[in-house]
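All of the numbers you see were taken from the coordinates with simple rules; none came from a lab. Please read all numbers here as calculations on a predicted model, not as lab measurements. Quick reminder, even Gly has a Cβ in these numbers, built from the backbone with ideal geometry, and neighbours come from all protein chains shown.
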Amino acid sequence: MGPLAPNEIISENTNFLLAFFIGIAFGWVLESSGFSSSRKLAGIFYGYDAVVLKVFFTGAITAMLGLLFMSLFGWIDLDLVYVNPTYLTSAIIGGVIMGAGFIMGGFCPGTSFCGAAIGKIDAMVFIGGLFIGVYGFAFTYPWWEKMYMAKYLGEPKISTTLGMSDGMFGLLLIIAALGMFFVAEWAEKKFPREAY
Amino acid sequence: MKYINFEQINDMKPLKLLAMFLIPMGLIIAAVPQNKTNPYKLTADELLNEVNTRNQFLAPDAVADMLVKKDPSLRLIDVRSQEEFEKYSLPGAINIPIANLLSPDYTDILNQETKMNVFYSNGTLTANEAWMITRQLGYNNNYVLEGGLNYWFENILNPRQPSSTSPDEEFAKYDFRKSAGQALGGGGLSAQQASDNQAGAAAKPSVKPAAKKKKAAGGC
């Protein structure tokens, strides 16, 4: 049955329409979780607020469980689901740049639009920086191309690399996430901040 | 007996509540075997419709014509056993024994959008079985050589001369078959040189260049 678009159950246009509504829902959830505040977001790096970790990890685990169960019931063909190809060098460098930008700016790309939507000026400045970065990278792409494409690993999954079933890895990830949530809540008590 | 106390649940910390839900789900998904089945894409009704049109059958004359003209889009697939294949096969054919039809080695050959795969066996039965299975998996561009090798031997490689009262088309067909048979190593060796091959121009289904299944891209 699924995925719907690759199996041509819904058209490409319907797919975009669904994405539009899902995007709005995603923005709404981000805003109502407090993700439009850069101070709240930056809290994860100082320990006083772990909402980023909790919301995103809960979202990821819920989606993972949903996909695994849907695959179990034969509702979705996981072989047709897009997996980001891994270019190791650029993944590491990009991760460092993204993390540094997150600490300094207090937003990640999605949440900056969320903040701008409710009129936060720091979020708008962040978006400006984001576009400078995007265009800067695009215009100087030939300089980076070799590094950008280095260490291509295909589409590896951690479960196959470790030689375990997807479900087993899912269980380990759930336990790891709950452990992290526990540590995060402990940190929130340990490094409290009055108002932010 | 203890009943569930909903107030107790409401008082529970969110983390505990989350753990109570996630850990059992994780245990279930870790315990069940992974779904590795290769599901059929067509429903029984859809397949029945296609079976009724009989569009999967290719006339031997059309296949012979493509073979003689060395049509690059034609790919003959022998679904008989390897032994039989080695004893005799059609020119340029590859061997995929029906027992190995679902082997991942052959997926790229059977599930593609550029070539015209023609299954053949001794009769029509085995080739048609291969077609049905691949069709149900949603693969396109697979066909069946009508009549199989038996018909091929009798009519393409050793055509019988039509009786003198037959219509002209019969003669044209005979002439084509004889020349094709000779070109393809048959036994029809009588001297007359056949000139035209109108019959060979029988309608040949075109390969549908359906869009290759794209994975949906995503990102954060």
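A few comments on the model shown:
- By DSSP, the beta bridges lying fully in the protein assembly as shown are antiparallel in about 10 percent of cases.
- A simple spin-label model places the labels of B:N95 and A:K151 4.6 nm from each other, with each point 7 Å out along Cα-to-Cβ.
- Long-range tail of P(r) for segment A:84-156 (Cα pairs > 16 Å, %): 58
- In order along segment B:46-57, the phi-based Karplus estimate (6.51 cos²θ - 1.76 cosθ + 1.60, θ = phi - 60°) of 3J(HN,Hα) comes to 4, 5, 4, 4, 5, 4, 5, 6, 6, 6, 6, 7 Hz; Gly and Pro are listed as x.
- For the listed residue pairs A:K40/A:K120; A:K40/A:K189; A:K54/B:K16; B:K87/B:K115; A:K40/B:K16, the alpha carbons are over 21 angstrom apart in B:K87/B:K115; A:K40/B:K16.
- Considering only alpha-carbon pairs that sit under 8 angstrom and 6 or more positions apart, the relative contact order computed for segment B:44-201 is 23 percent.
- Spin-label model distance (nm) - A:T58 vs A:A91, 7 Å beyond Cα toward Cβ: 2.8
- Segment A:1-156: equivalent-ellipsoid semi-axes (sqrt of 5 x gyration tensor eigenvalues, Cα, Å): 28, 23, 17
- Straight Cα distances below 19 angstrom link B:K69 to the aspartates and glutamates B:D61, B:D175, B:D196, with same-chain residues fewer than 8 positions distant left out.
- Amide H to amide H distances under 5 Å link A:I76 with A:G2, A:S71, where only residues 5 or more positions off or on other chains count and H is placed in the peptide plane.
- Other-chain or far-sequence residues with amide H under 5 Å of B:V144's (modelled H): B:F57, B:L58, B:F119
- Using only alpha-carbon positions in segment B:44-201, the gyration tensor eigenvalues give semi-axes of 30, 17, 13 Å once each is multiplied by 5 and square-rooted (largest first).
- Over the protein assembly as shown, equivalent-ellipsoid semi-axes from the Cα gyration tensor in Å: 63, 26, 19
- The loop-placed trypsin sites (Lys or Arg not before Pro) in segment A:60-155, going by DSSP, that have at most 13 neighbouring Cβ atoms within 10 Å of their Cβ come out as A:K151.
- Extending 7 Å from Cα along the Cβ direction at B:N150 and again at B:S103 yields two label points whose distance is 2.8 nm.
- Under 5 Å from the amide H of A:Y82 lie the amide H atoms of B:A216, each residue being 5 or more positions distant or on a separate chain, with H modelled from the backbone and absent for Pro and chain starts.
- The HN-Hα couplings worked out from phi for segment B:122-135 by the Karplus form 6.51 cos²θ - 1.76 cosθ + 1.60 (θ = phi - 60°) are 5, x, 9, 4, 5, 4, 5, 4, 4, 4, 4, 5, 5, 5 Hz, whole numbers, x standing for Gly and Pro.
- Taken one residue at a time, the phi angles of segment A:76-89 give Karplus couplings (6.51, -1.76, 1.60, θ = phi - 60°) of 9, 9, 5, 5, 9, 8, 5, 10, 4, x, 9, 10, 4, 4 Hz. Gly and Pro are set to x.
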